[in-house]
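*Asks:* Dumping the structure here so I can ask a few things about it.
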Amino acid sequence: MKKSAWFKTTLAVAIATVSSHSLANGLTINEQSASSMGTGFAGRSSSAIDASTVFGNPAGMSKLDRAEVSGGFAVIDASTDISGGNNGRGTNDGDMVPLAAIPFGYYVRPLNDKMHFGLGMYAPFGVISDYEDTFAGRSHGLYSKVQVITLQPTLSYQINDRVSVGFGPTINKIDGKLTSSLPTPYGTEFDVNIKGDDYGYGFNVGILVDVTNKLAWGLTYHSKVEYELEGRTRVTEAPAPFGINGSYDATLDFTSPESVDTSITYQLDDKWTLHAGTTWTRWSQLQEIVVENEGVSGLLAGDFTSIEEPLNWNDTWSFAFGAAYQLNPQWVLRTGFALDESPTTDADRTVRIPVGDRKILSLGAGWNATDDLTVDVAYAYLREDKSEVHQGDYHASYRNTAHGLSTQVTYRF
């Protein structure tokens with residue numbers, strides 16, 4: 001293979017894989033509320049337990065009688081077992097996801113009998129992975145860290161005793177760092193390091209309907225958000241004949257997917273409340289990634305200026321079922337079960353997004369310490385189906401599991 005053809009093929013795969021996984025890896029963050037986590041996020045758009053309804057369904061603010069502040073965080077401990085992957089280039093230790101903490105916070109207050117104002121800050125997308133330096137698939141991905149932080153001011157309006165609507169624009173900040181270590185025909189390796197960030201704007205809108213005195217239905221739409229990431233692509237330790245070592249201005253256009261969340265909540269009796277919901281996410285709009293680098297010079301400049309790579313992601317559905325039991329006036333117990341599809345398949349999966357279909361079991365509890373103060377906690381266990389990665393000379397099976405623990409404090413005034 002000619003040097004330029006080898007370089008273009010290898011670098012295209014590396015950069016496009018980096019960008020796709022870091023920006024929208026198919027692992028949408030669900031941990032915006034400990035109270036919702038306890039029921040597996042079932043009923044998120046049809047119940048308004050606390051101020052976290054700003055995210056779950058902005059129309060739900062109309063159910064809150066007083067001003068309140070609610071905030072907390074979730075801790076995720078993920079593990080990965082890798083089998084196979086023996087291409088003679090290194091190791092496959094797995095467990096490449098460090099312990100991660102995800103904060104969230106909300107504020108809601110009534111403006112009058114019909115309108116509420118709310119403000120939320122949360123993380124809708126994020127990923128971090130850190131393989132060992134000798135990882136056998138390091139040419140396809142070595143380190144990834146990307147996060148999206150969203151600020152959402154929100155208004156709700158109660159149309160009548162049965163129907164409420166809500167709307168909130170979102171201000172989103174995305175940034176990330178991604179690295180790969182690429183082989184050369186000379187038996188050496190060189191590093192590619194990409195950094196970038198941008199702001200994007202979207203909106204969340206919802207409707208909440210009390211179908212009967214016992215049954216509520218909700219629908220929430222989270223819009224797509226368009227970004228044009230600007231940053232640097234840095235190449236180091238490339239062989240001299242390539243003439244590409246240096247730092248280059250890089251841009252990447254990316255659109256995060258829209259989603260629709262709908263659910264029902266049924267008050268069975270004074271003790272039991274049942275929830276069920278489904279979420280559709282339009283990952284199919286992420287079909288390819290294009291990275292543009294400026295100021296590239298050297299023998300391979302033409303191969304490095306514009307890099308395109310297909311991704312072929314698919315729309316996904318997730319389903320959740322949950323229940324809450326009011327043990328006494330102070331304590332409520334929760335549980336839930338969810339099924340969550342992966343947007344990628346064995347044909348297109350990468351080492352940066354080695355995820356399969358997920359099953360999630362959750363448990364939770366809420367404690368009303370006083371009429372003004374509530375503490376919620378939740379635990380979730382996630383297990384994914386075994387998935388295959390086939391990238392170039394790297395072939396391996398992945399099995400991912402995770403433990404999540406979340407806590408939240410709500411104060412009303």
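The values are calculated or read from the model by the stated rules, or taken from the named source; none is laboratory data. This structure is a prediction, so every number in the text was calculated from the model and none was measured. All Cβ positions, even for glycine, are placed from backbone atoms using ideal geometry, and neighbour counts span all protein chains on display.
*Asks:* Spot the failing condition for Ser164; the list is (1) assigned to a strand (DSSP E or B); (2) loosely packed, with under 15 Cβ neighbours inside 10 Å, and only one is missed.
*Replies:* Condition not satisfied by Ser164: (2).
*Asks:* Would you point out which residue out of Ser164, Ser156, Ser181 is touching a residue at least 40 places away in the same chain (Cβ under 8 Å) and closer than 19 Å to Ala250 by Cβ?
*Replies:* Result: Ser181 is the single residue among Ser164, Ser156, Ser181 that is touching a residue at least 40 places away in the same chain (Cβ under 8 Å) and closer than 19 Å to Ala250 by Cβ.
*Asks:* Just to be sure I understand the filter: pairs with C-beta atoms under 7 Å, separated by 6 or more residues or on different chains, first member in segment 337-358 and under 12 Å from Arg399 (Cα atoms), second member assigned to a loop (DSSP other than H, G, I, E, B) and basic (Lys, Arg). Which pairs pass?
*Replies:* Qualifying pairs under 7 Å: Gly356/Lys386.
*Asks:* Which of the residues that make up segment 363-374 are surrounded by 15 or more Cβ atoms within 10 Å (Cβ to Cβ) and polar (S, T, N, Q)?
*Replies:* Asn368, Thr374
*Asks:* If you scan segment 370-384, which residues turn out to be touching a strand residue (DSSP E or B) at 6+ places or on another chain (Cβ under 6 Å) and touching a residue at least 24 places away in the same chain (Cβ under 8 Å)?
*Replies:* Asp372, Leu373, Thr374, Val375, Asp376, Val377, Ala378, Tyr379, Ala380, Leu382, Arg383, Glu384
*Asks:* Scanning segment 392-413 for residues that are crowded, with 21+ Cβ neighbours inside 10 Å and within 25 Å of the chain's Cα centre (by Cα), which turns out farthest from Phe135 (Cα to Cα)?
*Replies:* So the residue we want is Thr410.
*Asks:* Then there is this: Test of understanding: among Leu286, Leu274, which residue is touching a strand residue (DSSP E or B) at 6+ places or on another chain (Cβ under 6 Å), surrounded by 14 or more Cβ atoms within 10 Å (Cβ to Cβ), of a type in the set (A, V, I, L, M, F, W, C) and touching a residue at least 24 places away in the same chain (Cβ under 8 Å)?
*Replies:* The conditions single out Leu274.
*Asks:* Against the condition under 30 Å from Tyr143 (Cβ atoms), crowded, with 20+ Cβ neighbours inside 10 Å and in contact (Cβ under 8 Å) with a residue 12 or more places away in the chain, how does Ile102 come out, does it pass?
*Replies:* Spelling it out, it is not the case that Ile102 is under 30 Å from Tyr143 (Cβ atoms), crowded, with 20+ Cβ neighbours inside 10 Å and in contact (Cβ under 8 Å) with a residue 12 or more places away in the chain.
*Asks:* While we're here: Restricting attention to strands (runs of 3 or more DSSP E) lying wholly within segment 209-313, give those where 1 or more residues are farther than 24 Å from Gly38 by Cα, hydroxyl-bearing (Ser, Thr, Tyr) and modelled with pLDDT under 95.
*Replies:* Counting at least 1 such residues, we get 225-236, 246-256, 306-310.
*Asks:* How many of the residues making up segment 349-377 are over 30 Å from Leu286 (Cβ atoms) and hydrophobic (A, V, I, L, M, F, W, C)?
*Replies:* 7
*Asks:* List the number of the failed condition for Leu151; all other conditions in (1) at pLDDT 95 or above; (2) crowded, with 19+ Cβ neighbours inside 10 Å hold.
*Replies:* Result: Leu151 passes all but (2).
*Asks:* Output the number of residues of segment 13-53 satisfying the condition of being of a type in the set (A, V, I, L, M), surrounded by 24 or more Cβ atoms within 10 Å (Cβ to Cβ) and either at pLDDT 95 or above or more than 14 Å from the chain's Cα centre (by Cα) (or both).
*Replies:* Number satisfying all stated conditions: 9.
*Asks:* Among Val377, Val389, Val355, which is the only one that is more than 19 Å from the chain's Cα centre (by Cα), closer than 27 Å to Leu182 by Cβ and surrounded by 15 or more Cβ atoms within 10 Å (Cβ to Cβ)?
*Replies:* Val389
*Asks:* To continue, here is another question. Look at Asp210 and say whether it is surrounded by 15 or more Cβ atoms within 10 Å (Cβ to Cβ), charged (D, E, K, R) and either in contact (Cβ under 8 Å) with a residue 24 or more places away in the chain or farther than 28 Å from Glu288 by Cα (or both).
*Replies:* yes
*Asks:* Follow-up question, since we're still on this one. Determine, yes or no, whether Asp175 is surrounded by fewer than 16 Cβ atoms within 10 Å (Cβ to Cβ), under 30 Å from Asn57 (Cβ atoms) and of a type in the set (Asp, Glu).
*Replies:* Criteria not met by Asp175.
*Asks:* Just to be sure I understand, how many residues within segment 77-118 are under 22 Å from the mean Cα position of the chain (by Cα) and within 30 Å of Val163 (Cβ to Cβ)?
*Replies:* So the answer is 3.
*Asks:* Let me ask something additional. What about Gln152, is it part of a strand (DSSP E or B), more than 30 Å from Asn245 (Cα to Cα) and touching a Gly at 6+ places or on another chain (Cβ under 7 Å)?
*Replies:* yes
*Asks:* Looking at segment 105-132 only, could you name the residues that are crowded, with 18+ Cβ neighbours inside 10 Å, under 30 Å from Gln391 (Cβ atoms) and not hydrophobic (A, V, I, L, M, F, W, C)?
*Replies:* Pro124, Gly126, Ser129, Tyr131
*Asks:* Right, something else. Please enumerate the residues belonging to segment 66-90 that are closer than 25 Å to Gln391 by Cβ and among the charged types (D, E, K, R).
*Replies:* Asp81, Arg89
*Asks:* Same structure again: Only residues that are basic (Lys, Arg) and either under 16 Å from Thr265 (Cβ atoms) or not in a strand (DSSP E or B) (or both): list them for segment 324-362, please.
*Replies:* Within segment 324-362, Arg334, Arg349, Arg352 meet the criteria.
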